[in-house]
């Protein structure tokens with residue numbers, strides 16, 4: 001009996017240690033930390049003064065969201081090399097620009113350059129780092145506000161495994177799609193042979209649908225998240241609107 005208790009205690013201790021290691025990478029990965037406003041930034045490279053400008057831009061963007069909460073603190077982990085910090089699960093993404101882990105709400109930037117304000121993904125794409133951070137912090141805002149109601153309906157999930165409302169809203173707040181809207185709509189309407197990656201095309205659709213709902217239909221985030229809405233139906237309505245009246249990208253005002 002004593003041996004069982006001893007081994008059980010060891011197993012429990014190991015499990016707790018593993019959870020701590022996964023949830024608190026700042027304890028061993030990152031030598032550089034900066035706290036500014038509601039942001040706690042951890043980096044494997046020295047943090048340059050440019051970070052203040054980056055975080056000011058993020059702050060302006062996310063405050064435009066109606067679910068912004070000034071009491072939240074955002075933990076952002078930025079690495080400079082894809083080849084490091086890959087040993088543990090539930091941390092950095094192996095494909096996206098960044099990922100926010102639910103519950104612990106750690107934001108992991110796959111590769112970022114603070115000096116140039118650029119985020120990279122391993123496939124070769126790049127986007128402004130401030131927009132990527134803003135996108136990821138919106139995930140934290142949504143989890144904080146809606147908790148278990150982030151995916152109330154089967155239609156909230158796409159076939160590629162994304163929550164289109166949440167991803168579309170995050171891009172909407174973070175300034176929208178970087179793709180040429182007319183070119184992508186031509187792809188969606190089978191009017192061109194131009195190809196985009198599944199990731200790029202999917203995220204454009206999410207942003208385009210949410211942009212239409214907020215700018216044209218004037219819905220609120222609560223209605224978006226708690227209503228049963230078909231992505232395909234919204235895309236058809238939005239494309240019909242564009243073909244009839246024309247449209248353009250609308251960042252949140």
Against the condition out of contact with any helix residue (DSSP H, G or I) (no Cβ under 9 Å at 6 or more places or on another chain) and assigned to a strand (DSSP E or B), how does residue 48 come out, does it pass? no
Every pair of residues 6+ apart whose Cβ atoms lie under 7 Å, when the first sits in region 28-44 and is outside the structural domain of residue 72 (by TED's automatic domain parsing) while the second is assigned to a strand (DSSP E or B) and surrounded by 13 or more Cβ atoms within 10 Å (Cβ to Cβ): none
Given 80, 9, 65, which one is free of Cβ contacts under 8 Å to residues at least 40 places away in the same chain and not in a helix (DSSP H, G or I)? 80
Filtering region 208-223 for residues that are surrounded by fewer than 14 Cβ atoms within 10 Å (Cβ to Cβ) and farther than 12 Å from residue 166 by Cα leaves a count of 4
Tell me whether region 19-28 contains one or more residues that are assigned to a loop (DSSP other than H, G, I, E, B) and more than 15 Å from the chain's Cα centre (by Cα). yes
Of these, 76, 60, 104, which one is outside the structural domain of residue 220 (by TED's automatic domain parsing) and under 22 Å from residue 214 (Cα atoms)? 60
Segments classed as helices (runs of 4 or more DSSP H), wholly inside region 139-253, with at least 2 members that are modelled with pLDDT of 80 or more and more than 25 Å from residue 97 (Cα to Cα): 198-215, 221-226, 231-245
Provide a single number: the residues in region 115-129 that are buried (at least 22 other Cβ atoms within 10 Å of the Cβ) and either out of contact with any strand residue (DSSP E or B) (no Cβ under 9 Å at 6 or more places or on another chain) or assigned to a loop (DSSP other than H, G, I, E, B) (or both). 0
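For (1) assigned by TED's automatic domain parsing to the domain that holds residue 103; (2) out of contact with any helix residue (DSSP H, G or I) (no Cβ under 8 Å at 6 or more places or on another chain); (3) in contact (Cβ under 8 Å) with a residue 40 or more places away in the chain, each residue gets a yes or a no:
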position: 161; (1), (2), (3): no, yes, no
position: 170; (1), (2), (3): no, no, no
position: 176; (1), (2), (3): no, no, yes
position: 182; (1), (2), (3): no, yes, no
position: 185; (1), (2), (3): no, no, yes
position: 196; (1), (2), (3): no, no, no
position: 216; (1), (2), (3): no, no, no
position: 221; (1), (2), (3): no, no, yes
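The values are calculated or read from the model by the stated rules, or taken from the named source; none is laboratory data. A quick note: this is a predicted structure, and the numbers were derived from the prediction, not measured. A quick note on method: Cβ atoms are made from the backbone with ideal geometry, for glycine too, and the neighbour counts reach across all protein chains shown.
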